[in-house]
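Q: Before I ask anything, let me first share the structure, which is written out below as structure tokens.
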Number of protein chains: 2
Amino acid sequence: MARAAGVSVATVSKVINDRYGVARQTAERVREVIEELGYESSIVARSLRSHRTGLIGVLVAEFEPFSTELLKGVSAAARDSGYQLLAYSGGGTAESQVGWERRSLSRLSGTLIDGALLVTPTIVDGNYRIPVVAVDPHTGPSDLPTVDSDNLAGTRAAVGHLVDLGHRRIGFLGGRPDLESARLREEGYRRTMADAGLRVDPDLVRAGGFRMETSELPARELLGRVDRPTAIFAANDLMAIQVMRVAQSIGLRVPQDLSVVGFDNIPEAAVALPALTTIAQPLHEIGQTATQLLLAMLRGEEPPTRHVQLATRLVVRESTAPPLP
Amino acid sequence: MARAAGVSVATVSKVINDRYGVARQTAERVREVIEELGYESSIVARSLRSHRTGLIGVLVAEFEPFSTELLKGVSAAARDSGYQLLAYSGGGTAESQVGWERRSLSRLSGTLIDGALLVTPTIVDGNYRIPVVAVDPHTGPSDLPTVDSDNLAGTRAAVGHLVDLGHRRIGFLGGRPDLESARLREEGYRRTMADAGLRVDPDLVRAGGFRMETSELPARELLGRVDRPTAIFAANDLMAIQVMRVAQSIGLRVPQDLSVVGFDNIPEAAVALPALTTIAQPLHEIGQTATQLLLAMLRGEEPPTRHVQLATRLVVRESTAPPLP
DNA sequence: ACCGTTATCGACAACGTTTTCGAGATCGCT
DNA sequence: AGCGATCTCGAAAACGTTGTCGATAACGGT
């Protein structure tokens, strides 16, 4: 190997990890040879021996625009600290069952990765062999250190915005009831309404499953009523866009006849017409924070807080206006 | 280790890789113990020894919606074949310089991954140590086996659609001139115009850099003219959406006063208003095909064709109509 | 009953690192 | 000059697997 540089393998190893105990000029010479030969030490062998790889694993349930933005933040933070990223996706329907991440992790955590970020909607508790941080899980509280955004406060901002505009009859289109995020957004809606002294009409609350296809019908139900709401808060942008479509298809003008607010601030929200008022999640920041948390754990520090919640931001665009008198 | 199962490590290894030379019932027993102990063999050690890991690496320049869809196809194909995916992203601006994928690859290909997929706009030729397939590179011809979509035919379909509708003055908003894909789309535009016996007015050709921000100005230039075109073909959807915005901002109606066609069929295209007519790239299929190509190479087969081009599809929505008489 | 063949299994080396520890060299001090 | 302290380096073990090969047992044929 690089012992053709005149020294032993041990010395080379010391130079690479710049350990104490190797002479100035020897190190210099070894470095030169390394450079010259374009030598890269094998992660695999290092891992086998020292259980440290400089790789952090990111388990993504499925690659989608949502996780994508998160990954950018993770990527940036990891790079700053010298760690490399290893995204890992079960990717499929069948495999994304509960326990998938457990199995993946146990296989990888053998030695391949130093720590892991779980970017999966449903996470499984348990003591993993390596540091693990859950990123924006949609499920309930967990043993794992977690980073997500403040769904409750976000929802309050959204509904509050509608209230401030003067809306009284505000409808709600919910997400998948099995996910914590959906539950929180409904709770936020109800609380804000209550705080404003407004009654929640049960007929104005529907579930749309977080997806476009499944929210057309409930949207029609909400808007078809004679006493239809003057504003609708949808638990995510996809459903909000569907609401605007349905509204326009039955002759309602947005925002004059109907105000719509979404949640997530996906790219589509900006180009929709009218552009959608929504709650932006700091995805980039979430990814970044989660990574920093993980890195701290890798350094052996106990994280100051096990659960970080980041603030959301209200993005006012064109889909909201005061109700017609 | 699992020699607590009463046999030697060698035998366990043989059972796991079900090799010839181990008795029926011994194998059975070992398998039971493995199951019971939830034992997972270390990829790392296996890799070090046998240079085969069952992992294929995917190098992504940056996680973005575009690569995301590709990854899904890759993911599906890999799963079907028992291979696991390892996405790897330089992620950043600085590192995504030329040569980044080379370095990453040389580090990983040591032994960690059996083969690699390059999902990067600019690819670097060279003999890698492991099988490599380039996926949808935007650069020119290469030594590497490549899978991408037929930019030329796609463009012809787009411009042909406008011609068929009766448009004569058709403008073109191009991409980044340094990328092969942009070059091909311009060439397709020019050829289709020529085939239809139409003259290309040099004043009707602008470059928008593939991005929204950089295409507002050229869009204004195109539409501000007294003899403005009745239709514009933009080299990607982002620019097409920008064109529609600019048009609407200066009082033009789409599609009555101006028809617009894009390229890519990103999610935003469907929700834009009017919904954008565009050319859909078979991203999922590209990912799938590339993976199958790679798998064939891993099996030692020489791929039948080194360059696969997949057909695009014209998606007619609401942004195109015959020109006003 | 003996020998050759086959089936089954384990000992051992190897993969490329990191880490420990001891040997030799150098240096400084008395 | 002698001795201890310090510095520099390399030999060797270890990480967990796989592949080779030899040993032993079982078996079948004459």
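The values are calculated or read from the model by the stated rules, or taken from the named source; none is laboratory data. Not measured: the values here are computed from a predicted model. Cβ: placed from backbone, ideal geometry, glycine included. Neighbour counts: every protein chain shown. For the accessible areas, the whole protein counts, side chains as well, though only heavy atoms, and no ligand, DNA or RNA atoms are used. Shrake-Rupley method; radii C 1.70, N 1.55, O 1.52, S 1.80 Å.
Q: Among B:VAL315, B:GLN292, B:PRO274, which residue has its Cα furthest toward the positive end of the charge dipole of the protein assembly as shown, with +1 on Lys/Arg Cβ and -1 on Asp/Glu Cβ?
A: Of the listed residues, the answer is B:GLN292.
Q: With +1 assigned to the C-beta of every Lys and Arg and -1 to the C-beta of every Asp and Glu, and no other charges, what is the dipole magnitude of the range A:2-41 about the Cα centre in debye, to the nearest 20?
A: Dipole magnitude for the range A:2-41 comes out near 240 debye.
Q: Enter the accessible area per residue of the range A:187-266 (Å², integer; probe 1.4 Å; all protein chains in place).
A: Each residue of the range A:187-266 exposes 41 Å² on average to a 1.4 Å probe.
Q: Mind giving me the FRET efficiency for B:VAL226 and B:LEU314? R0 is 25 Å, r the Cβ-Cβ distance, nearest 0.05 is fine.
A: Numbers: r = 31 Å, r/R0 = 1.24.
For R0 = 25 Å, the calculated efficiency reads 0.20.
Q: Using the basic label-point model (7 angstrom from Cα toward the beta carbon), what is the B:ALA76 to B:ARG19 distance in nanometres?
A: A separation of 3.8 nm, rounded to one decimal place.
Q: Hey, another quick one. Put A:ARG24, A:ARG191 in order of accessible area, largest first, 1.4 Å probe: what do you get?
A: Solvent-accessible surface, decreasing: A:ARG24, A:ARG191.
Q: Name the GluC sites (Glu not before Pro) in the range A:217-325 that are in a loop by DSSP and that have at most 16 other C-beta atoms within 10 Å, would you?
A: A:GLU301, A:GLU318
Q: While we're on this one: Once you charge only the Cβ atoms, +1 for Lys and Arg and -1 for Asp and Glu, what is the size of the charge dipole of the protein assembly as shown about its Cα centre, to the nearest 20 debye? Intermediate results must be reported in sequence, preceding the final value.
A: Values: 70 positive and 76 negative charges, 187 e Å.
The calculation lands at about 900 debye.
Q: What are the extents of the Cα atoms of the range B:33-177 along their three principal axes, listed from largest to smallest and rounded to whole Å?
A: Extents along the principal axes: 74, 33, 26 Å.
Q: Along the charge dipole of the protein assembly as shown, which of A:LEU252, B:VAL260, A:LEU283 sits closest to the positive end, that is, farthest toward it, with unit charges on the beta carbon of Lys, Arg, Asp and Glu (+1, +1, -1, -1)?
A: It is A:LEU283, whose Cα lies furthest towards the positive end.
Q: Apply the Debye scattering formula to the protein assembly as shown, with a single equal point scatterer on each alpha-carbon and no solvent, then give log10 I(q)/I(0) at q = 0.08 Å⁻¹.
A: The calculated log intensity ratios at q = 0.08 Å⁻¹ are -0.71.
Q: Relative contact order for chain A: what is it in percent, counting Cα pairs under 8 Å that are at least 6 residues apart?
A: 18
Q: Right, another one. Could you put B:VAL260, A:VAL316 in order of accessible surface area, largest first, with the 1.4 Å probe and the full protein assembly present?
A: Greatest to least solvent exposure: A:VAL316, B:VAL260.
Q: Under a point-charge model restricted to the Cβ atoms of Lys and Arg (+1) and Asp and Glu (-1), what is the dipole moment magnitude of chain A relative to its Cα centre, in debye to the nearest 20?
A: Once rounded to the nearest 20, the dipole reads 460 debye.
Q: For chain A, what size does the Cα cloud have along each of its three principal axes, sorted from largest down, in whole Å?
A: Principal extents (largest minus smallest coordinate, Cα): 88, 35, 35 Å.
Q: Still on this model: For the range A:2-41, divide the Cα radius of gyration by the Kirkwood radius and give the resulting Rg/Rh value with two decimals.
A: 0.90
Q: Amide H of A:LEU55 versus every other amide H placed in the peptide plane: which residues, excluding those fewer than 5 positions away on the same chain, fall under 5 Å?
A: Hits under the 5 Å cutoff: A:GLN84, A:ASP114.
Q: Right, something else. Reported to two decimal places, what Rg/Rh ratio describes the range B:250-290 when computed on Cα atoms with Rh from the Kirkwood expression?
A: Result for the range B:250-290 is an Rg/Rh of 1.16.
Q: Also, quick follow-up: Using amide H atoms built 1.01 Å from N in the peptide plane, name the residues 5+ places from B:ILE232, or on other chains, whose amide H lies under 5 Å from its own.
A: Placed amide hydrogens put B:GLY171, B:SER259, B:VAL260, B:VAL261 under 5 Å from B:ILE232.
Q: Which residue, B:SER181, B:LEU86, B:SER13, has the largest displacement toward the positive end of the dipole of the protein assembly as shown when charges sit on each Cβ (Lys, Arg +1; Asp, Glu -1)?
A: B:SER13
Q: Provide B:HIS167, B:HIS161 ordered by accessible surface of protein heavy atoms (probe 1.4 Å), highest first.
A: Heavy-atom accessible area, descending, gives B:HIS161, B:HIS167.
Q: Could you state how much accessible area B:PHE233 has, in square angstrom rounded to the nearest 10, with a 1.4 Å probe and all protein chains kept in place?
A: B:PHE233 exposes around 0 Å² with every protein chain in place.
Q: Still on this structure, I have one more. Students often forget the sequence filter, so: which lysines lie under 20 Å Cα-Cα from A:LYS72 once same-chain residues fewer than 8 apart are removed?
A: Straight-line reach from A:LYS72, under 20 Å: B:LYS72.
Q: Here's another thing I want to ask about it. How many angstrom lie between the Cα centre of the range B:274-325 and the Cα centre of the range B:138-154?
A: Using only Cα atoms to place each centre, the spacing works out to 11 Å.
Q: I've got another one for you. Please report the accessible area of A:ILE232 (heavy atoms, 1.4 Å probe, ligands and nucleic acids excluded) in Å², nearest 10.
A: About 0 Å², ignoring ligands and nucleic acids.
Q: Can you list, shortest first and in nm, the gaps between the label point of A:ALA194 and those of its counterparts in the other copies, using a point 7 Å from Cα in the C-beta direction?
A: 7.2
Q: Oh, and also: Long-range amide H contacts for B:THR277: which residues qualify at under 5 Å (H placed 1.01 Å from N, peptide plane, sequence gap of 5 or more or a different chain)?
A: Under 5 Å from the amide H of B:THR277: B:GLY262, B:ARG317, B:GLU318, B:SER319, B:THR320.
Q: Give or take rounding to whole Å, what are the principal axis extents of the alpha carbon atoms in the range A:176-325, in descending order?
A: Here the Cα extents, ordered largest to smallest, are 61, 32, 29 Å.
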